[in-house]
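Encoded as structure tokens, the structure appears first; notes follow it.
The values are calculated or read from the model by the stated rules, or taken from the named source; none is laboratory data. What you see is a predicted model, and the numbers here were worked out from it, not measured in a lab. As a convention, Cβ positions derive from the backbone with ideal geometry for all residues, glycine included, and neighbour counts pool all protein chains shown. Side chains are part of the model used for accessible areas, which takes the heavy atoms of the whole protein and leaves out ligands, DNA and RNA. Shrake-Rupley method; radii C 1.70, N 1.55, O 1.52, S 1.80 Å.
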Amino acid sequence: QVQLVESGGGLVQAGGSLRLSCAASGRTAGIYNMGWFRQAPGKEREFVAIISWSGGPDSVKGRFTISRDNAKNTVYLQMDSLNPEDTVVYYCAADSPRQPGTWVYWGQGTQVTVSS
């Protein structure tokens, strides 16, 4: 099993930045990709970014940057030029080599609130 814990959310003014962290523990050797998603109340979960756990390209949507520190088993999401529409809960997730793209592990989420 893999455990994921997000941190770094909070309140920020529009135009500001935040960096979210996702710390992985447990059987991290079983991670293939790490991803960030977000979900607003009453809406479907939305893809934000993905990064290979062992190396390779990443994919990011919009103004955000994803990175990882394998020594710390942590993935980051740098969010710049935040606006009130970015006020949602952010989740990190992990898949496995057996089923790439099937997100089997999820964190509990971290709230980001952007004030106007």
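Taking θ as phi - 60°, what are the ³J(HN,Hα) couplings along the stretch 104-116 by the Karplus curve (6.51, -1.76, 1.60), each to the nearest whole Hz, with x for Gly and Pro?
8, 10, 9, x, 7, x, 9, 7, 10, 10, 10, 8, 8
Within the stretch 2-78, list the trypsin sites (Lys or Arg not before Pro) lying in a DSSP loop whose Cβ has at most 14 other Cβ atoms in a 10 Å radius.
ARG27, LYS43, LYS61, ARG63
According to a simple spin-label model (label point 7 Å from Cα along Cα-to-Cβ), what is the distance in nm between THR102 and ALA71?
It works out to 3.5 nm between the two label points.
Would you tally the net charge around VAL89, using a Cβ to Cβ cut-off of less than 12 Å, leaving VAL89 out, and scoring K and R as +1, D and E as -1?
Summing Lys/Arg as +1 and Asp/Glu as -1 gives 0.
With an 8 Å Cα cut-off and a minimum separation of 6 or more residues, compute the relative contact order for the chain in percent.
Across the chain, relative contact order equals 35 percent.
With θ set to phi - 60°, apply the Karplus curve 6.51 cos²θ - 1.76 cosθ + 1.60 along the stretch 10-19 and write out the HN-Hα couplings as whole Hz, x wherever there is a Gly or Pro.
x, 9, 9, 7, 4, x, x, 10, 9, 10
With a cut-off of at most 12 other beta carbons within 10 Å, and DSSP calling the residue loop, which GluC sites (Glu not before Pro) in the stretch 39-87 qualify? Please list them.
GLU44
Leaving out ligands, DNA and RNA but keeping every protein chain, what accessible area does PHE37 have, in Å² rounded to the nearest 10, with a 1.4 Å probe?
Rounded to the nearest 10, the figure is 20 Å².
Find how much the distance from ASN83 to ALA40 grows on full extension, using 0.36 nm per residue of separation minus their present alpha carbon separation; answer in nm with one decimal.
14.1 nm
Using only the Cα atoms, work out Rg/Rh for the chain, with Rh taken as the Kirkwood radius, to two decimals.
Ratio value, two decimals: 0.96.
Once phi is turned into ³J(HN,Hα) by the Karplus curve 6.51 cos²θ - 1.76 cosθ + 1.60 with θ = phi - 60°, what whole-Hz value does each residue of the stretch 35-45 show in order, with x for glycine and proline?
After applying 6.51 cos²θ - 1.76 cosθ + 1.60, I find x, 10, 9, 8, 8, 8, x, x, 10, 6, 5 Hz.
Using the Cβ atoms and a cut-off under 14 Å, what net charge is assigned to the surroundings of THR28, where Lys and Arg are +1 and Asp and Glu are -1?
Surrounding charge for THR28 is +1.
Near SER52, within a Cβ-to-Cβ distance under 10 Å, what is the net charge of the other residues, with Lys and Arg +1 and Asp and Glu -1?
After counting each charged neighbour, the total is 0.
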